[in-house]
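Trainee: Pasting a structure here, questions to come.
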Amino acid sequence: MKKNFLSLPAVLAVALLSACGGNETPANDTATNDTTATEPVEEVCLYHYDNSTTTVLWTAYKHNAKVEVKGKLETFEVTTGEPSEDLATMVQGTTFKIYADTGVNSEDPVRDKKIMEIFFGAMSTQEITGTINSMNGDNESGSGTLTLSMNGVDKEVNFDYTVDENNRMELAIAEINMHDWNGQEACDALHKACEEKHTGDDGESVFWPTMAVNIFTTYTVECN
């Protein structure tokens, strides 16, 4: 009977193949190559109100030439909405209270005393309050309305606003006529007390019942 014998080299080859054989883990096995992608987190930036940056400026007028007299109202309280990505959303609904009998500053102490004691003293209350009712615009510019309460009268007025690259907002009320808030008596009393100052080069003494109000404030922006 014929027998088949494997040569020594062949036996060694089989032994080596057996030792190196078996089930190998593929290179792309999930057990050793977890490539799960992480979703990027979207940045969210919120506007915050900073009361310390707020300034309330007024501009009144005298003489027939309508010469400007400027000053500040320095004593006030402001309450805004929750921080928001949308500036208009945060500002809408803001309420404020101005104490006009204590915080007038026109850089003329004699005039300031007359404004506080005579002008605002002639009114039924020395507090000016208001609420921003609407904001129509974006984070750069727009318009809106607010209810201004003064001398026992509530009246809605329009305003425009702009925001610069440093997040400084200017809210401008172009004209307030004090007659609309029953302010004729207050205007007449102040005009009489300041008649000489209200007399122009033409010899006529004129004090206008209208004024402009500009509010400046800088919002802080915090991003996640």
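The values are calculated or read from the model by the stated rules, or taken from the named source; none is laboratory data. The model shown is predicted, which means the values in this text are computed figures rather than measured ones. Note: ideal-geometry Cβ built from the backbone for every residue, glycine included; neighbour counts use all protein chains shown. Accessible surface is based on the protein model in full, side chains and every heavy atom, while ligands, DNA and RNA are left aside. Shrake-Rupley method; radii C 1.70, N 1.55, O 1.52, S 1.80 Å.
Trainee: From the list K62, K70, K97, pick out the single residue that is among the basic types (K, R) and either buried (at least 18 other Cβ atoms within 10 Å of the Cβ) or modelled with pLDDT under 95 (or both).
Mentor: Only one candidate passes the filter, namely K62.
Trainee: Pull up segment 134-175, narrow it to residues that are in contact with a Leu (Cβ under 6 Å, 6 or more places away or on another chain) and under 15 Å from T89 (Cα atoms), then point me to the one that is most open to solvent (accessible area, probe 1.4 Å).
Mentor: Looking at the filtered set, the residue picked out is N139.
Trainee: Right, something else. Quick one: is S84 open to solvent by less than 100 Å² (accessible area, probe 1.4 Å), more than 38 Å from the chain's Cα centre (by Cα) and either farther than 27 Å from Y99 by Cβ or modelled with pLDDT of 95 or more (or both)?
Mentor: In short, no.
Trainee: Residues D154, D180: which one is outside any strand (DSSP E or B), at pLDDT 95 or above and charged (D, E, K, R)?
Mentor: From the options D154, D180, the qualifying one is D180.
Trainee: Among N139, N151, N167, which is within 22 Å of K72 (Cα to Cα), polar (S, T, N, Q) and under 13 Å from the mean Cα position of the chain (by Cα)?
Mentor: N167
Trainee: Return the residues of segment 112-146 that are part of a strand (DSSP E or B) and within 20 Å of N51 (Cα to Cα); say none if nothing qualifies.
Mentor: Let us first name the residues in segment 112-146 that are part of a strand (DSSP E or B), namely 127-137, 141-146.
Those that are part of a strand (DSSP E or B) and within 20 Å of N51 (Cα to Cα): E127, I128, T129, G130, T131, I132, N133, M135, L146.
Trainee: Is there a residue being assigned to a loop (DSSP other than H, G, I, E, B), open to solvent by less than 50 Å² (accessible area, probe 1.4 Å), touching a helix residue (DSSP H, G or I) at 6+ places or on another chain (Cβ under 8 Å) and modelled with pLDDT of 90 or more anywhere in segment 101-111?
Mentor: Yes: segment 101-111 contains one or more residues that are assigned to a loop (DSSP other than H, G, I, E, B), open to solvent by less than 50 Å² (accessible area, probe 1.4 Å), touching a helix residue (DSSP H, G or I) at 6+ places or on another chain (Cβ under 8 Å) and modelled with pLDDT of 90 or more.
Trainee: Identify all residues within segment 183-214 that are free of Cβ contacts under 8 Å to residues at least 40 places away in the same chain, within 23 Å of V56 (Cβ to Cβ) and either among the small types (G, A, S) or open to solvent by 80 Å² or more (accessible area, probe 1.4 Å) (or both); write none if there are none.
Mentor: If the condition is that a residue be free of Cβ contacts under 8 Å to residues at least 40 places away in the same chain, within 23 Å of V56 (Cβ to Cβ) and either among the small types (G, A, S) or open to solvent by 80 Å² or more (accessible area, probe 1.4 Å) (or both), then no residue fits.
Yes/no matrix, rows are residues, columns are (1) touching a helix residue (DSSP H, G or I) at 6+ places or on another chain (Cβ under 6 Å); (2) closer than 17 Å to T80 by Cα; (3) touching a residue at least 60 places away in the same chain (Cβ under 8 Å):
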site: I118; (1), (2), (3): yes, no, yes
site: A122; (1), (2), (3): yes, no, yes
site: T125; (1), (2), (3): no, no, no
site: G130; (1), (2), (3): no, yes, no
site: N136; (1), (2), (3): no, yes, no
site: E140; (1), (2), (3): no, no, no
site: G144; (1), (2), (3): no, yes, no
site: K155; (1), (2), (3): yes, no, no
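Trainee: Name the residues in segment 73-125 that are more than 23 Å from T145 (Cα to Cα) and among the charged types (D, E, K, R), would you?
Mentor: Correct list: D101, E107, D108, R111, D112, K113, K114, E117.
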